[in-house]
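There's a structure below that I have some questions on.
Each reported figure results from applying straightforward, stated rules to the coordinates on display, with no laboratory input. Values in this document were obtained by computation on a predicted structure and should not be read as measured data. Cβ sites come from the backbone with ideal geometry, for glycine too, and all protein chains shown count toward neighbours.
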Amino acid sequence: NAGVMQNPRHLVRRRGQEARLRCSPMKGHSHVYWYRQLPEEGLKFMVYLQKENIIDESGMPKERFSAEFPKEGPSILRIQQVVRGDSAAYFCASSRVITDTQYFGPGTRLTVL
Amino acid sequence: RKEVEQDPGPFNVPEGATVAFNCTYSNSASQSFFWYRQDCRKEPKLLMSVYSSGNEDGRFTAQLNRASQYISLLIRDSKLSDSATYLCAVNEGGGSNYKLTFGKGTLLTVNP
């Protein structure tokens, strides 16, 4: 039973480029959450999505960041015009129902040069 | 501001030792509490949920004190493989009970 999958595992971008991070939830899970972990910091909630709907994006920076979870395919976290401060580990988690335990994927480590 | 605070650590203990971590939370509406472990450069993995009556899973015991708003994790007979960062996570409660707030983590190193 495959867990949460994320790709790429490592992503290097130059300042000003776009970064696209993908997340496939566990089988049977329809709730997806994105968290960011900055160096020496705890994980911070970014956004919660269900299929085709953004439920809560209160943790997303107001500009350059967007997320989607289309009817078909993985959830995408998109960062436009990346800056050095975006360098972090981005983790996706999924749950079967909203009150269930969240299981985390292996993360994408974004490095902005 | 809803915060979760953990012992800063690091904790260095010999194999076989008993070690305890505490975590305090500020949001009295929180309803769910968890301990995750995170190995270096890996994803957080659920260690155990924390229930009101306290719960045990092998060498691990978790306690919740709602009145004082803290949770604890006790590890008995520690093993080398227990070396990791331990993260306390608390949900926001109310209509946002899916939103987890994490502490910064406590680094544990178990030495031979």
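Using only the alpha carbon atoms of chain A, find the Kirkwood hydrodynamic radius as the inverse mean reciprocal pair distance, in angstroms to one decimal.
One over the average 1/r among Cα pairs gives 13.9 Å for chain A.
Per-residue Cβ counts within 10 Å, from other chains only, averaged over B:26-39: what number is that?
1
Long-range amide H contacts for A:Ile55: which residues qualify at under 5 Å (H placed 1.01 Å from N, peptide plane, sequence gap of 5 or more or a different chain)?
For A:Ile55, whose amide H was placed from the backbone, the distant partners under 5 Å are A:Tyr48, A:Leu49, A:Gln50.
Let me ask something else about it. Sum up the charges of everything whose Cβ sits under 12 Å from the Cβ of A:Arg109, counting Lys and Arg as +1 and Asp and Glu as -1, but leave A:Arg109 out.
+3
Please give the average number of partner chain Cβ atoms lying within 10 Å of the Cβ of each residue in B:50-63, rounded to a whole number.
Mean partner shielding for this stretch: 0.
Cross-link list B:Lys45/B:Lys99; A:Lys44/B:Lys79; A:Lys27/B:Lys79; A:Lys71/B:Lys42: which exceed 22 angstrom alpha carbon to alpha carbon?
From B:Lys45/B:Lys99; A:Lys44/B:Lys79; A:Lys27/B:Lys79; A:Lys71/B:Lys42, over 22 Å: A:Lys44/B:Lys79; A:Lys27/B:Lys79; A:Lys71/B:Lys42.
Further question on the same structure: Based on other C-beta atoms within 10 Å, arrange B:Ile71, A:Ile55 from fewest to most.
By the 10 Å Cβ count, ascending, the order reads A:Ile55, B:Ile71.
If you plug each phi of the range A:56-66 into the Karplus form 6.51 cos²θ - 1.76 cosθ + 1.60 with θ = phi - 60°, what whole-Hz ³J(HN,Hα) values come out, in order, with x for Gly and Pro?
Values per residue, Gly and Pro as x: 8, 10, 5, x, 7, x, 5, 10, 6, 9, 8 Hz.
Taking 0.36 nm per residue of sequence separation and subtracting the Cα-Cα distance, how much length would be gained by fully extending the chain between A:Ile98 and A:Val83, in nm to one decimal?
Here the segment from A:Ile98 to A:Val83 would lengthen by 2.1 nm.
Further question on the same structure: How many percent of the alpha carbon pairs in the range B:46-88 exceed a separation of 17 Å?
32
Report the residues of the range B:77-104 in range of a label on B:Ala29: point 7 Å along Cα→C-beta, backbone N strictly under 18 Å from it.
Within reach of a label on B:Ala29: B:90-102.
Identify unpaired cysteines across the protein assembly as shown, taking unpaired to mean no other cysteine Cβ lies under 4.7 Å from the residue's Cβ.
Singleton cysteines: B:Cys40.
A further question follows. Quick one: longest stretch of chain A between exposed loop trypsin sites (Lys or Arg not before Pro), exposed meaning at most 14 other C-beta atoms within 10 Å and loop per DSSP?
A:72-113
Beyond 17 Å, what percent of the Cα pairs of chain B remain?
51
Moving to a separate point now. If the convex hull of the alpha-carbon atoms of the protein assembly as shown is projected onto planes in all directions, what is the mean projected area in square nanometres?
Seen from a random direction, the Cα hull of the protein assembly as shown projects 12.8 nm² on average.
Of B:Leu73, B:Tyr51, B:Thr109, which is farthest towards the positive pole of the range B:45-112's charge dipole, taken about the Cα centre with +1 and -1 on the beta-carbons of Lys, Arg and Asp, Glu respectively?
My answer, from the dipole projection, is B:Thr109.
Got a sec to turn the phi values of the range B:57-63 into Karplus ³J(HN,Hα) couplings, 6.51 cos²θ - 1.76 cosθ + 1.60 with θ = phi - 60°, whole Hz, x for Gly and Pro?
9, x, 7, 10, 10, 10, 10
Now for a separate question. Using θ = phi - 60° and the Karplus relation 6.51 cos²θ - 1.76 cosθ + 1.60, list the HN-Hα couplings for the range A:85-94 in order, rounded to whole Hz, with x at every Gly or Pro.
Result, ordered by residue: x, 7, 4, 5, 9, 10, 10, 10, 10, 9 Hz.
Here's another thing I want to ask about it. Mind checking the dipole of chain A: about its Cα centre, +1 per Lys or Arg Cβ, -1 per Asp or Glu Cβ, Debye to the nearest 20?
400
Please report the antiparallel percentage of the DSSP beta bridges confined to chain A, to the nearest 5.
Here the share of antiparallel DSSP bridges comes out near 90 percent.
A further question follows. Calculate, for A:Thr111 and A:Ala2, the FRET efficiency according to 1/(1 + (r/R0)^6) with r their C-beta to C-beta distance and R0 25 Å; round to the nearest 0.05.
The calculated FRET efficiency here is 0.40.
How high is the relative contact order of the range A:71-113, in percent, with contacts defined as C-alpha pairs under 8 Å that are six or more residues apart?
42
Here is a follow-up. Please return the longest range in chain B lying between exposed loop sites, taking trypsin sites (Lys or Arg not before Pro), DSSP loop only, at most 13 other beta-carbon atoms within 10 Å, and leaving the sites out.
Segment B:2-40 is the longest.
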